[in-house]
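Readers should treat all values here as calculations from the given coordinates under stated rules, not as data from a laboratory. Quick caveat, the model's predicted, so the values are computed rather than measured. Note that each Cβ is placed from the backbone with ideal geometry, even for glycine, and that neighbours are counted across all protein chains shown.
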Amino acid sequence: MNLRDIVQWDTRALQAVQRSLSVRAATIRLVQDGLADIGRLPAWQDAAADAARRRFRIVADDLSGEATAIAVVERLARDLVDAVTHLKVEVDGLREAAAAHGMALSDNGDIIDAPGPPVDAAATRRDELRAAARALILQAEDLVADAAAVLARAADGAAEPGETDRAGTGLSAPAPPPDGSPLDNREYWEALPAAQRREVIEQHPEWVGSRDGIPSAVRHEANVSRFDDERSRWEAERVRLRDGLDRNMFGGAFTEDDARLWYAEQKLRDLDDLEKLVRDHPDGRLMLLDLQSGERTMAAFALGDPDSADHISVTTPGIDTTVASLRGMTDEAAALKAETERQLDLAGRTSDTVSTIAWLGYQPPTTTGPGNYDVPFIDQNLGRGWLVDSWQSDRATAGAPKLASFYEGLDIASRTPDPHITALGHSYGSYTQGLALQDAGPRQPVDDAVFYGSPGFDANDESDLGLAPRHGFVMRAHDDPITVADGFGRLGPDPVQTHLEQLSVREAATPDGVQREDANGHSEYPRPSGNGELRTSGYNMAVIVAGMPELAIR
């Protein structure tokens, strides 16, 4: 199967088959109704009538089997028309896009370049076109395989009357590519016709809810639809663990079941928190829901539409952040969004749109919960506490590739050409952010990065982070206790000694005429002050998210 095969697919022939089968089905229904009417004649009650009725029932059963097979094939033809029409439109769009960039698509999905030296933008566009073409070819191959299976099932009489809408009697949506990149994921979704997209959301929401590159509205709908199933899963797990502990005369002394029970109960509380968050922010987007791959629940919540926003911020939190913290993070995201929009309005950019995202797609160190799960043995001996935990690199190392993929997915899924993306990292989250920026590869989607209350981010200047000069920023309060962790250098140079732009967090009158309070300690940076205005640190983040770093207070 190749692109030429898709273009040459004869949808008119499929439509003719569908019409013919529809007529045949109507004829069969007419005959079935006639046989039923004859069999119900009230005066026809002798032995011959009984024999005739038995014969009618045999004929009617045969007709029912034929009608079912016809209905299955007629539905298949109808679905194929929709699916193939969608593929043809997508192929035409790809060829037009390739031509607009001086390129051409070969039948197997390879790209024929325009003459002249290659440029980075062309390489990026080439990758996108190739991924899209191959996704269409895979979708076409899946359609052919599905159609063959349905026809074989109909020919064998495997479909029963009334089963024409069941699985196996029509086209089914393919699963997304395993370990697909955000670009692969986007092209997978784009290749699906509308009916199969709906099937994925309703029957396989776990396929797309947390998959980077998928539209945020789709991810939100898929994730929210999983609440009930996840609740049932963890309630059953809680019962299983409680029963096991009750039957064990030693309780959890020689097993980890008591710790597992603690986490199961915590995940049920997390679901409560997430459901309330979604209810309280009906225009928000739950872009990540993961209760399976780790001890702690992972989630991400967006305010505004990141797929259409001109400016997107992603905040990565630090130690002791859990789903219970997302409400506070979302409040901070709302304040940041409002201030960013205000600064854009003051600059005359009233049409610019903003989305602010709280990302908890990794498991930062915590000082709560069963101790043997949360802190490595060596640091238990040093003493529990978030300063000690801030030295650990394993959680950040595990989370950084996920964060890098999330950044890329925002860029890939955006309908805005080259959206302005700002990374905001607090505390241990700033270290995770720094590793993620270094993990981005040649396609760095992040334009600006702010590190605040940071113990280090394993970099000394913007080039280490894949950023342009003067697009990396550091903020630290004079009394932030994170300075204790900075001095050990386990997570890289002391942030205030790096070559990144050092921004003020002191009390200041900002260019918009607002007198703003200073930030103290470790947690006040993004929080509004008592008068409702963002502090100097929050203002600085807002103007950077707005793409106006020249207005930041140094």
Specify the inter-centroid distance of the range 259-336 and the range 205-221, based on alpha-carbon positions, in whole Å.
15 Å
³J(HN,Hα) computed for each position of the range 93-101 - Karplus, 6.51 cos²θ - 1.76 cosθ + 1.60, integer Hz, glycine/proline x:
x, 5, 5, 5, 5, 4, 4, 5, 9
Can you run phi through the Karplus equation (6.51, -1.76, 1.60; θ = phi - 60°) for the range 337-354 and list ³J(HN,Hα) in whole Hz, with x for Gly and Pro?
4, 5, 5, 4, 5, 5, 5, 5, 4, 4, 8, x, 9, 6, 8, 5, 10, 9
How far is it, in nm, from the label point at ALA347 to the one at SER463 when both lie 7 Å from their Cα along the line to the Cβ?
2.7 nm
The Kirkwood hydrodynamic radius of the range 283-551, taken as the inverse of the mean 1/r over all distinct Cα pairs, in Å, comes to 18.4 Å
Per residue of the range 214-226, what does 6.51 cos²θ - 1.76 cosθ + 1.60 with θ = phi - 60° give for ³J(HN,Hα)? Whole Hz please, x for Gly and Pro, Karplus curve as stated.
7, x, 5, 5, 5, 4, 4, 4, 5, 5, 5, 5, 8
